[in-house]
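No lab work stands behind these numbers, since they all come straight from the coordinates. What you see is a predicted model; the values in this text were computed from it and never measured. Cβ atoms come from the backbone with ideal geometry, glycine included; neighbour counts cover every protein chain shown.
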Amino acid sequence: MQEKNQHYLKWGLTIFLSLSATIVFFFLIFRFDEIRGFLDIILSALQPVVIGMVLAYLLCPAAKFLENHLRMLGGFARLVSVLVTLVLTFGIVGLFCALVLPQLVGSVRELVSGLPQQLQAQLDRLSAYLESDSEAGATVMQMVESIQNFLANWIRTNMFATVSSISNSVLSVGSMIVNLVVAVIVAIYLMLDRERYLAQCRKLFFAVSRNDRWNDAVMDALRQTDRIFSGFISGKLVDSLIVGVICFICLVILRMPYALLVSVIVGVTNIIPMFGPFIGAVPSAFLILLVSPAKCVVFLIFVVVLQQIDGNIIGPRILGNSTGLSALYVTISMLLFGKLLGFLGMIVGVPLFATLYYIVKRLAEHSLKQQSLPVDTASYIVEEKK
């Protein structure tokens, strides 16, 4: 009798939990806008904390390296290593801004002021190759004039309106500075006492989960995630910096226009795996085309050569095989997370997808082992019949 009552109790509890989950699911669907607004408020309030956590994660390897070489300072080794890491980081960023930003602003100002004249010059050059009484020439000239008028109107309206709106939002700089200061303080706290905060997270997780096998699997997945993200992000930043510097030196040697601006575009977009250099090459080639079509062709050839050097020499030496993904999976990850998260998704999509790939791989291998099946992929290759 007691076993029968326990059976009914289990069934009743299962039905109750299922109904509750269904009600919660529909509530989330119908109240999605309100919930998203509430989450946006929370994320906005915690934005400095999130930035501080990211900053601490990126700077922790350098702080650990300095701490290992400052053991002679005893209990002050960690504090000194954290402060030196922050000072060096902001010093390098400040030096970069002091050296690059003035020239970058000058290049952008020169571009904005000279773009209509450059478009007109290219239009005149094109008209010299077209016969005035040719029907095809007239059609092409009409298309070019339409494009020119569109770009000129866009520059007069959108671009200057954007610059005006940016200048009107100078007051938001104060809020950004406050958030940055809070983020730096959060990063200092996290780096100084990182073991305790990580221990608290593990303690909470083990308190909720009581399955030892599940706990080991989750801890292993987190360690693998840390390895993938730390190796990919730090390596990609160094790789992009090297590519940007090489691009700037070569463009100066080739006497290309807007050398610094183009190098910054190529270096920043190089953070995006595989397609980054080509994405940055499109607007850069357009800028150079307005000045000289011949130099534009030279620049495109140079970008292809630079991408090959980075993809086959620089990138593999710095990144190695930190993600373990094939070219197909890299493309899928960029398309998927780029659609979900925009530009940020194109950057972090590869390590995110690599982490998911690792988890799915471990689950599949565990299931195969339970069935006494081989886990090697080569064992499942079926030869095609000739």
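Using alpha carbon centroids, what distance separates the range 47-92 and the range 185-225, in Å? Their Cα centres are 20 Å away from one another.
Residues 239, 193, arranged from fewest to most other Cβ atoms within 10 angstrom of their Cβ, appear as 193, 239. For the range 286-296, putting each phi into the Karplus relation 6.51 cos²θ - 1.76 cosθ + 1.60 with θ = phi - 60° gives couplings of 5, 4, 6, 4, 5, 8, 7, x, 5, 5, 5 Hz, in residue order, rounded to whole numbers and with x for Gly and Pro. Put simply, the range 232-287 fits an ellipsoid with semi-axes of 19, 13, 7 Å; these come from the alpha carbon gyration tensor as the roots of five times its eigenvalues, largest first. Going from the residue with the fewest nearby Cβ atoms within 10 Å to the one with the most, 195, 67, 365, 383 rank 383, 195, 365, 67.
What the phi angles of the range 64-74 give under the Karplus curve with 6.51, -1.76 and 1.60, with θ = phi - 60°, is a coupling list of 5, 4, 5, 5, 5, 9, 10, 4, 5, 7, x Hz, glycine and proline written as x.
Phi angles of the range 185-196 translate, via the Karplus equation with coefficients 6.51, -1.76, 1.60 and θ = phi - 60°, into HN-Hα couplings of 4, 4, 4, 5, 4, 5, 6, 6, 10, 5, 4, 5 Hz per residue; Gly and Pro are given as x.
A simple count of charges around residue 377, restricted to other residues whose Cβ falls under 15 Å of its Cβ and scoring Lys, Arg +1 and Asp, Glu -1, yields 0.
Among 372, 175, the ranking by other beta carbons within 10 Å of each residue's beta carbon, starting with the fewest, stands as 372, 175. Multiplying the residue separation of residue 72 and residue 382 by 0.36 nm and removing their Cα-Cα distance gives an extension gain of 105.5 nm.
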